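Chemist: One structure follows; several queries about it will come next.
The values are calculated or read from the model by the stated rules, or taken from the named source; none is laboratory data. Quick caveat: nothing in here was measured; it's all calculated off a predicted structure. Counting neighbours? That spans all protein chains shown, and the Cβs are built from the backbone with ideal geometry, glycine included.
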Amino acid sequence: MTSTFLMLQAAAAAAQAPAVQSVDAQAAAAQAAAAQATQVATAATQAAPATDAAAATVQAAAELLPKASTFASSIDDSFVLILWFAVFLSIVVAGCFVLLVMRPGPGGAGATSRSLFRWSAVGAFALVAVFFVQGARVWADMQVIPRGALPIRVALEEKGFTFTYPNGYVSNELHLPIDRPVKFSFLGASEPYTFSIPAFRTQVAVPVGVRAGGIAKDAWVQPILAGEYEARSTTPSLRPRAELVATATVHPEGGYEKWYQDISGPPLDLPPVELGQRSYQMRGCTQCHTIDGAKLVGPTFKGFATREHKLKDGSVVEPTDAYIAESINDPQAKIVEGFEPVMPSFKGRLHELEVAGLAAYIKSLQ
Amino acid sequence: MSTSHSIGTHPTASANPRGGRELAFFSQDHRSLAWAYAIVIGLALIVGIVLAVGLALQPLAGRDAATDATNYRQLYTMHGLVMVFLVALPALPGIVGNWLLPEKLGVAEMAWPRLNLLALQMLVIGGACFLVAFFATPLDTGWSFGLPFALESTSSVAWGLLGIVFVGASLATQGANIVATVVTSRGAGRCWSDLPFFGWALGAAGLVQALVTPVLLVALALLFAQRSGASDVFSAGGADVAFDQWFWFWAHPAFGSMVLASLAVIGEVVGEHGDRPKGASAAAVLSIAALTVFSFGGWGIHVLGRGDSQAFDVASSGLVLASGVPLVVLIVDWVMTLARGEARGTTALGYAATSTTAFVLGGLACAFCVVLPTGAYLADTSFPTGAMHFLVVGGVLGALFAGVHHLWPRWFGVPVREGWGKFACFLYFVGMVLAFVPLCVRGYLGQPRRTLDVVVADERWSWYAIAGAIVLFGGVTFALWNLLRTMLDSRAALARTEGE
């Protein structure tokens with residue numbers, strides 16, 4: 001039956017370009033291919049009689065919708081079990097009708113015995129109980145986020161998904177380590193959205209958010225197969241689809257760590273203004289602070305050095321380096337009039353040279 | 001009260017067995033009203049099906065993304081509104097129920113003939129409001145008015161809501177009338193234990209309709225108040241979930257009432273065409289009672305994983321899965337009924353078999369969406385859309401066709417042409433499977449619902465769905481044409497009799 005189910009997938013796979021492409025350039029590609037091959041081979045031996053046709057079917061199915069997380073296999077087990085019964089019971093019921101209509105002459109007299117009803121009720125209950133328990137076990141596992149999971153914040157913003165990594169780096173691309181649990185924290189947006197990665201068989205529905213920066217949902221996943229997969233929102237939306245998809249890259253062993261090092265900060269030997277500019281772009285400042293005068297969640301940096309800054313409590317501060325550094329490390333200390341105290345602290349997350357660079361850069365903006 | 005309902009004494013009871021069709025839209029006679037419902041719902045069904053074919057073919061149309069997306073939203077909104085509110089909900093109680101219920105209960109009329117007429121008239125007025133909504137600024141919110149679209153949309157939302165208010169009042173009235181008819185028919189020598197299965201199941205459907213429809217009207221009133229600035233009940237975070245809780249608190253039992261009414265008709269057709277007219281076994285009555293109770297508690301499955309309470313998700317999932325148990329008992333009951341009697345291979349029985357099989361397929365397709373991890377994965381993909389269509393198109397409309405083919409010879413005095421009828425039924429079954437399995441498969445592969453964008457590049461499944469839509473359309477067209485021809489046959493027979 002598993003093979004029938006996979007054949008369903010494979011039929012679609014035949015008409016579709018493979019969803020999984022090789023990973024990062026370089027040596028990673030070979031490693032990923034090897035991982036995939038192992039995965040496919042394992043699936044083939046488990047799922048189908050060892051014929052060439054079945055193996056090809058399984059391979060095609062794996063390419064179309066690979067089992068790329070620890071949840072994928074167990075969730076697919078639920079799919080296969082229910083599908084098996086859907087096909088089997090439909091055929092039985094339709095078959096009963098057809099056979100009874102074709103049967104010549106009347107059947108036996110008398111009423112249906114109560115025990116038949118009782119046993120069909122017991123059988124049906126057992127069946128749905130198996131469906132329920134099989135699913136609930138995976139569900140329970142999904143609710144308990146392992147300690148030490150890599151935290152990544154997910155938000156749906158104006159231009160699409162953004163992912164914030166532990167070091168504050170913000171990207172439109174999702175990068176994930178292999179064989180390590182990842183904790184997603186979802187920020188509520190102005191419209192409901194889902195975050196679905198079919199290759200992981202997981203989808204999280206995030207309701208409309210209340211506060212800026214408020215976390216609406218947490219979820220976790222552990223990728224087990226390197227590759228590039230599509231993440232998307234499936235909730236109906238008026239936006240163009242391009243704003244509702246993102247690429248999720250599962251790096252092969254060691255690949256994520258290398259990538260993380262690369263993005264962890266700009267080279268500290270840059271001139272201060274340039275260093276500050278890179279920090280401004282890389283550290284997520286752009287989400288709330290513009291340099292063109294537009295007002296977002298936080299005040300704009302345009303003309304920062306040439307004006308006085310009026311605070312909520314009525315006092316006024318000068319645009320000094322100390323004020324900028326304080327606002328980065330302890331954002332709640334001074335709140336500009338007309339804004340809310342919502343900025344997270346960057347204390348300990350930026351090198352002091354970066355803070356100095358940011359001050360230089362912000363003051364340089366006309 | 002029940003004594004005044006014995007046959008022939010009620011002032012509005014029609015002497016004409018075909019039921020005075022000439023006054024259909026103003027007569028309070030239940031048979032005339034059944035016929036009037038058949039005309040109204042038949043027209044709505046044709047509109048809904050043409051829109052469905054339009055939806056299926058839309059991917060083949062032009063490639064102007066923005067216009068296409070707007071048109072598509074308008075198309076699926078119209079299709080959903082027409083099919084849910086003007087066809088699936090009122091059809092079985094309105095057509096088959098009106099015709100058969102008093103007869104099965106042994107009374108002359110529905111309990112409230114005047115309300116019965118009012119229900120039809122409000123349905124027509126509601127349909128007219130939908131027409132305005134479609135032609136003024138075409139409604140584009142989807143039939144389920146999901147937030148935030150329903151708040152932000154600049155289309156004729158008010159007309160759509162007004163239409164639903166009328167249709168909702170019609171449904172609640174219809175439901176209350178059915179319950180009153182069942183209840184008042186008991187007594188004076190007619191015990192509850194004599195109540196046939198049809199009375200139990202349709203009575204349960206009526207009860208559900210009467211009880212939950214007001215919830216829908218309250219939800220939509222709140223939505224309207226929010227849109228017009230009179231309220232901000234849907235302004236807070238999570239408002240989308242709050243609205244969906246309201247909406248599905250109505251919609252889940254409302255779909256349950258469709259299923260209950262379908263079960264009434266299938267049981268009736270299976271009994272009559274298996275030469276074992278159905279009383280009601282204790283098991284069947286218990287099953288109907290269980291389905292009724294379960295249907296009230298299942299709305300949470302439509303907000304699965306969106307609220308804050310995991311316990312609520314787990315409970316909803318368990319309760320909806322449990323609804324499968326009474327359904328299985330009923331199916332066993334029907335199969336055993338056929339096994340004990342002598343089944344005639346009629347078109348009506350063919351549709352009853354189609355409907356039953358579709359409930360098995362659709363019920364298990366829903367199980368995918370209800371089991372917790374698969375359900376959370378499939379939410380908002382095209383999978384639930386496909387599963388729902390198995391239930392509504394295969395199950396509910398299949399039962400409608402079974403009922404209509406069962407009643408048609410009695411309306412027109414000549415038999416339905418069985419050969420064509422069975423061919424149409426076969427096309428219907430094949431078309432249904434072919435049209436909706438691809439929706440499920442593509443949903444599993446990650447295709448979002450309600451979008452023209454082909455996210456899963458699966459040309460082949462799209463083509464299956466298009467082929468299925470065409471076959472299904474063919475099946476319905478053949479069936480309607482065959483029924484129409486039977487009417488003409490009856491007219492010819494009548495002319496012959498008069499000529500002699």
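Every residue, every condition in (1) modelled with pLDDT of 95 or more; (2) more than 30 Å from B:A239 (Cβ to Cβ); (3) crowded, with 23+ Cβ neighbours inside 10 Å; (4) away from chain A (no Cβ under 14 Å), yes or no:
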position: B:P138; (1), (2), (3), (4): no, no, no, yes
position: B:G146; (1), (2), (3), (4): no, no, no, no
position: B:S155; (1), (2), (3), (4): no, no, no, no
position: B:F166; (1), (2), (3), (4): yes, no, no, yes
position: B:S170; (1), (2), (3), (4): yes, no, yes, yes
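Chemist: Here's something else I'd like to know. So, A:P271, is that one over 23 Å from B:G146 (Cβ atoms), without any contact (Cβ under 8 Å) to a residue 40 or more places away in the chain and surrounded by fewer than 20 Cβ atoms within 10 Å (Cβ to Cβ) or not? If you could, list the steps in order and put the result at the bottom.
Modeler: Details: over 23 Å from B:G146 (Cβ atoms): yes; without any contact (Cβ under 8 Å) to a residue 40 or more places away in the chain: yes; surrounded by fewer than 20 Cβ atoms within 10 Å (Cβ to Cβ): yes.
Answer is yes for this residue.
Chemist: On to the next question. Go through region B:243-285 residue by residue and tally those that are in a loop (DSSP other than H, G, I, E, B) and of a type in the set (A, V, I, L, M, F, W, C). So that I can check it myself, show each step before the final result.
Modeler: At the first step, the residues of region B:243-285 found to be in a loop (DSSP other than H, G, I, E, B) are B:274-281.
Filter once more, keeping what is of a type in the set (A, V, I, L, M, F, W, C): B:280.
So the answer is 1.
Results for (1) of a type in the set (S, T, Y); (2) crowded, with 23+ Cβ neighbours inside 10 Å; (3) in contact with a His (Cβ under 6 Å, 6 or more places away or on another chain), shown as yes or no for each residue.
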residue: B:F312; (1), (2), (3): no, no, no
residue: B:A315; (1), (2), (3): no, no, no
residue: B:G318; (1), (2), (3): no, no, no
residue: B:L330; (1), (2), (3): no, yes, no
residue: B:L338; (1), (2), (3): no, yes, no
residue: B:V360; (1), (2), (3): no, yes, no
residue: B:C369; (1), (2), (3): no, yes, no
residue: B:T374; (1), (2), (3): yes, yes, no
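Chemist: Still on this model: Would you point out which residue out of A:P151, A:P192 is touching an Asp or Glu at 6+ places or on another chain (Cβ under 7 Å) and either closer than 23 Å to A:V297 by Cβ or among the charged types (D, E, K, R) (or both)? Talk me through it step by step, then tell me what you get.
Modeler: Working: A:P151 fails: touching an Asp or Glu at 6+ places or on another chain (Cβ under 7 Å).
Going through A:P151, A:P192 in turn, the sole match is A:P192.
Chemist: Only one of these conditions is not met by A:K217: (1) more than 7 Å from chain B (Cβ to nearest Cβ); (2) surrounded by fewer than 18 Cβ atoms within 10 Å (Cβ to Cβ). Which number is it?
Modeler: (2)
Chemist: Right, here's the next one. Considering region B:451-500 alone, what residues qualify as being within 14 Å of chain A (Cβ to nearest Cβ) and buried (at least 20 other Cβ atoms within 10 Å of the Cβ)?
Modeler: Within region B:451-500, B:V455, B:V456, B:D458, B:W461, B:Y464, B:A465 qualify.
Chemist: Tell me which residues, restricted to region A:288-309, are part of a helix (DSSP H, G or I) and surrounded by 13 or more Cβ atoms within 10 Å (Cβ to Cβ).
Modeler: Those that are part of a helix (DSSP H, G or I) and surrounded by 13 or more Cβ atoms within 10 Å (Cβ to Cβ): A:F304, A:A305.
Chemist: Checking B:S2 against (1) at pLDDT below 90; (2) within 21 Å of B:G386 (Cβ to Cβ); (3) in contact with a Gly (Cβ under 6 Å, 6 or more places away or on another chain), which test does it fail?
Modeler: (2)
Chemist: Let me ask something else about it. Filter region B:320-377 for residues that are in contact with an Asp or Glu (Cβ under 6 Å, 6 or more places away or on another chain) and either among the charged types (D, E, K, R) or in a helix (DSSP H, G or I) (or both); which is nearest to the other protein chains (Cβ to nearest Cβ)? It would help to see each step written out before you state the result.
Modeler: Looking only at region B:320-377, we keep the residues that are in contact with an Asp or Glu (Cβ under 6 Å, 6 or more places away or on another chain), and these are B:341-342, B:347.
Right, trim to either among the charged types (D, E, K, R) or in a helix (DSSP H, G or I) (or both) and you get B:342, B:347.
Numbers: B:E342: 4, B:T347: 12 Å.
So the residue we want is B:E342.
Chemist: OK, next. Going through region A:228-249 one residue at a time, which ones are without any contact (Cβ under 8 Å) to a residue 12 or more places away in the chain and either closer than 25 Å to A:P177 by Cβ or within 8 Å of chain B (Cβ to nearest Cβ) (or both)?
Modeler: So the first thing to find is which residues in region A:228-249 are without any contact (Cβ under 8 Å) to a residue 12 or more places away in the chain, and the list is A:236, A:238-241.
A:P236, A:L238, A:P240, A:R241, listed by residue number.
Chemist: Moving on to the next point. If I filter region B:285-304 for residues that are on the phi > 0 side of the Ramachandran plot and either touching a His at 6+ places or on another chain (Cβ under 8 Å) or in contact (Cβ under 8 Å) with a residue 24 or more places away in the chain (or both), do I get at least one hit? So that I can check it myself, show each step before the final result.
Modeler: Of the residues in region B:285-304, the ones on the phi > 0 side of the Ramachandran plot are none.
There is no residue in region B:285-304 that is on the phi > 0 side of the Ramachandran plot and either touching a His at 6+ places or on another chain (Cβ under 8 Å) or in contact (Cβ under 8 Å) with a residue 24 or more places away in the chain (or both).
Chemist: How many residues does region A:310-366 contain that are within 21 Å of A:G265 (Cα to Cα) and either in a loop (DSSP other than H, G, I, E, B) or without any contact (Cβ under 8 Å) to a residue 24 or more places away in the chain (or both)?
Modeler: Number of matching residues: 14.
Chemist: Considering only residues that are facing chain B (nearest Cβ under 7 Å), outside any strand (DSSP E or B) and either without any contact (Cβ under 8 Å) to a residue 40 or more places away in the chain or surrounded by fewer than 24 Cβ atoms within 10 Å (Cβ to Cβ) (or both), which ones fall in region A:197-213?
Modeler: Those that are facing chain B (nearest Cβ under 7 Å), outside any strand (DSSP E or B) and either without any contact (Cβ under 8 Å) to a residue 40 or more places away in the chain or surrounded by fewer than 24 Cβ atoms within 10 Å (Cβ to Cβ) (or both): A:P207, A:V208, A:G209, A:V210.
Chemist: Now a separate question. Given the structure, is A:D77 touching a residue at least 60 places away in the same chain (Cβ under 8 Å) and surrounded by fewer than 19 Cβ atoms within 10 Å (Cβ to Cβ)?
Modeler: Values: touching a residue at least 60 places away in the same chain (Cβ under 8 Å): no; surrounded by fewer than 19 Cβ atoms within 10 Å (Cβ to Cβ): yes.
Here the answer is no, as A:D77 does not meet what is asked.
Chemist: Restricting attention to region B:482-490, does a residue exist that is out of contact with any Gly (no Cβ under 7 Å at 6 or more places or on another chain), farther than 24 Å from B:L100 by Cβ and modelled with pLDDT under 90?
Modeler: Filtering region B:482-490 for residues out of contact with any Gly (no Cβ under 7 Å at 6 or more places or on another chain) gives B:483-489.
Checking the rest, the ones that are also farther than 24 Å from B:L100 by Cβ come to B:488.
Keeping just the survivors that are modelled with pLDDT under 90 gives B:488.
Scanning region B:482-490 turns up at least one residue that is out of contact with any Gly (no Cβ under 7 Å at 6 or more places or on another chain), farther than 24 Å from B:L100 by Cβ and modelled with pLDDT under 90.
Chemist: A:T194: assigned to a loop (DSSP other than H, G, I, E, B) and closer than 25 Å to B:V371 by Cα, yes or no? Explain how you work it out, then say what you get.
Modeler: Working: assigned to a loop (DSSP other than H, G, I, E, B): no; closer than 25 Å to B:V371 by Cα: yes.
It is false that A:T194 is assigned to a loop (DSSP other than H, G, I, E, B) and closer than 25 Å to B:V371 by Cα.
Chemist: What are the residues in region A:84-139 that are among the β-branched types (V, I, T), within 8 Å of chain B (Cβ to nearest Cβ) and in a helix (DSSP H, G or I), if any?
Modeler: Restricting attention to region A:84-139, the residues satisfying the condition of being among the β-branched types (V, I, T) are A:87, A:91-93, A:98, A:101, A:112, A:122, A:128, A:130, A:133, A:138.
Retained after the next criterion (residues that are within 8 Å of chain B (Cβ to nearest Cβ)): A:93, A:98, A:101, A:112, A:128, A:138.
Those that are among the β-branched types (V, I, T), within 8 Å of chain B (Cβ to nearest Cβ) and in a helix (DSSP H, G or I): A:V93, A:V98, A:V101, A:V128, A:V138.
Chemist: Also, I was wondering about something else. Does B:F198 fit the bill of being within 14 Å of chain A (Cβ to nearest Cβ), surrounded by 19 or more Cβ atoms within 10 Å (Cβ to Cβ) and either of a type in the set (A, V, I, L, M, F, W, C) or closer than 22 Å to B:A91 by Cβ (or both)? So that I can check it myself, show each step before the final result.
Modeler: On the way: within 14 Å of chain A (Cβ to nearest Cβ): no; surrounded by 19 or more Cβ atoms within 10 Å (Cβ to Cβ): yes; either of a type in the set (A, V, I, L, M, F, W, C) or closer than 22 Å to B:A91 by Cβ (or both): yes.
Against the criterion (within 14 Å of chain A (Cβ to nearest Cβ), surrounded by 19 or more Cβ atoms within 10 Å (Cβ to Cβ) and either of a type in the set (A, V, I, L, M, F, W, C) or closer than 22 Å to B:A91 by Cβ (or both)), B:F198 does not qualify.
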